[in-house]
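Have a look at the structure below before the remarks.
The values are calculated or read from the model by the stated rules, or taken from the named source; none is laboratory data. Since this is a predicted model, take the numbers as computed values, not measurements. Cβ placement follows ideal geometry from the backbone for every residue including glycine, while neighbour counts extend to all protein chains displayed.
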Amino acid sequence: MKMKFCSECAAPIVRLIPDGDDHLRDVCSQCKTIFYQNPKVIVGTLPIWDDKVMLCKRAIEPRYGYWTLPAGFLELSESTWQGAQRETREEAGATVEEGMLYGVYDLPYISQIYMFYLAEVKDGLHEAGVESLEVDWFERSQIPWHDLAFPVIKTMLERYFLDRDNGTFSTFHETIEFRPRVHYNNESGD
């Protein structure tokens, strides 16, 4: 949403490159406050228990009815781990033990950064939250690969199973530079 008026003094906003900057910014025409627009940070977990992975079926758009890992936007005043725990509780009703930062994905084409923790579910218990239609455990052969909500989730799961086969887990970083073609529920596939 484009700002029209300054939240500090209510004067109109103009788009310009401020002195000493190299990006077009929203700037107050009166008090000269600069309003920066920054990427959104999405945090979540890759929850595991008894050699299975937990997935949530989305009850919200985008990608209603498709499977994903529990994740969502980082809130103000919380760490990335706290946000990942909260999202796992909210979407999957599960409590996870502190895990390692496992995957970081930069998606500059949508101005988002994804941070996933590999985390063990304490007791294996789960229940669908308000943003999930259902939550379940999957072995590798049971993963609904064609019904995953987002390409980054597929990439994350493929990496996890490869690392599990090799017996080594380390934090990785990947930049996804392009916008993959995703067909939403109301679109026809090619």
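I'm checking my understanding of the structure. Among residues of region 109-157 that are under 17 Å from the mean Cα position of the chain (by Cα) and among the polar types (S, T, N, Q), which one is nearest to Phe169 (Cα to Cα)? Only one residue fits best here, namely Thr155. Find the residue count for region 120-141, including only residues that are within 20 Å of Arg63 (Cα to Cα) and of a type in the set (S, T, N, Q). The number of residues fulfilling the criteria is 1.
Does Glu98 count as modelled with pLDDT under 95 and touching a helix residue (DSSP H, G or I) at 6+ places or on another chain (Cβ under 9 Å)?
yes
Note on region 1-97: enclosed strands (runs of 3 or more DSSP E) holding 3 or more residues that are of a type outside the set (S, T, N, Q) and surrounded by 18 or more Cβ atoms within 10 Å (Cβ to Cβ) are 40-49, 52-58. I'd like to check something: does region 76-90 contain any residue that is under 21 Å from Ala149 (Cβ atoms), modelled with pLDDT of 95 or more and hydrophobic (A, V, I, L, M, F, W, C)? Yes, some residue in region 76-90 is under 21 Å from Ala149 (Cβ atoms), modelled with pLDDT of 95 or more and hydrophobic (A, V, I, L, M, F, W, C). Of everything in region 98-115, what is more than 25 Å from Arg164 (Cβ to Cβ) and part of a loop (DSSP other than H, G, I, E, B)? Give them in sequence order. Listed by number, the list holds a single entry, Ser111.
Just one of the listed residues (Ile34, Ile17, Ile13, Ile42) is over 24 Å from Arg140 (Cα atoms) and touching a Gly at 6+ places or on another chain (Cβ under 7 Å), namely Ile42. A Cβ distance below 7 Å, combined with a sequence gap of six or more or placement on separate chains, defines the contacts here; from region 69-85, residues that are in contact (Cβ under 8 Å) with a residue 12 or more places away in the chain reach residues that are part of a helix (DSSP H, G or I) and acidic (Asp, Glu) in the pairs Pro70/Glu87; Pro70/Glu91; Ala71/Glu87; Gly72/Glu87.
Filter region 116-152 for residues that are of a type in the set (S, T, N, Q) and assigned to a helix (DSSP H, G or I); which is surrounded by the fewest Cβ atoms within 10 Å (Cβ to Cβ)?
Of everything passing the filter in region 116-152, Ser141 is surrounded by the fewest Cβ atoms within 10 Å (Cβ to Cβ).
For beta carbons closer than 6 Å, sequence separation of 6+ or different chains, a first residue in region 31-57 that is within 11 Å of Pro70 (Cβ to Cβ) and among the small types (Gly, Ala, Ser) and a second that is surrounded by 14 or more Cβ atoms within 10 Å (Cβ to Cβ) and modelled with pLDDT of 95 or more, the qualifying pairs are Gly44/Leu69; Gly44/Pro70; Gly44/Ala71; Gly44/Ala84; Gly44/Glu87; Gly44/Phe116.
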